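Accompanying notes for the structure given below.
The values are calculated or read from the model by the stated rules, or taken from the named source; none is laboratory data. Note that the structure is predicted; figures quoted are calculated from it, not measured. Counting neighbours? That spans all protein chains shown, and the Cβs are built from the backbone with ideal geometry, glycine included.
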Amino acid sequence: MTADISNAFVQTDIDQSGEKNIMKIRVELVDILIEVSPAIYSDYVVQEKGQSVLYVQMLKALYGKMVSSLLYYKKLSKDIVSIGLTHLAWAILSMHIHLFSYWNVG
């Protein structure tokens, strides 16, 4: 058994006080963004090796970034504790879910 939380990472804020998380958007996606909203994006597009590039600062976690899983785990843990479960209860619940999924495969 597995569980999937829809859009888990995009629900997770990135701390803006520390190191900046920058994403590089290239070529076709840049063209789409300019077509959809030229007033917002056009001034920020640069050319690198003849290709359109846009650098954006990430405000939310993004699937595929190593830090995203850690950020989401911290958010989920905080939310679990805020509804009254202790860290120990959360750990026990996680262990039971893992054992249940291990023994009920196939």
Exercise for the section: Determine the pairs where a residue that is within 23 Å of S6 (Cα to Cα), located within the stretch 76-90, has a partner that is at pLDDT 70 or above and outside any helix (DSSP H, G or I) with Cβ atoms under 6 Å apart, the partner being 6 or more residues away or on another chain. Expected result: none
Practice task
Would you confirm whether any residue within the stretch 6-23 is modelled with pLDDT under 95, farther than 24 Å from K78 by Cβ and among the charged types (D, E, K, R)?
Solution key: no
Practice task
Search the stretch 47-90 for residues being hydrophobic (A, V, I, L, M, F, W, C) and loosely packed, with under 12 Cβ neighbours inside 10 Å, and hand back the single one that is modelled with the highest pLDDT.
Solution key: I83
Handout entry: Residues (assigned to a loop (DSSP other than H, G, I, E, B) and without any contact (Cβ under 8 Å) to a residue 12 or more places away in the chain) located in the stretch 37-64
Key = S37, K49, G50, G64
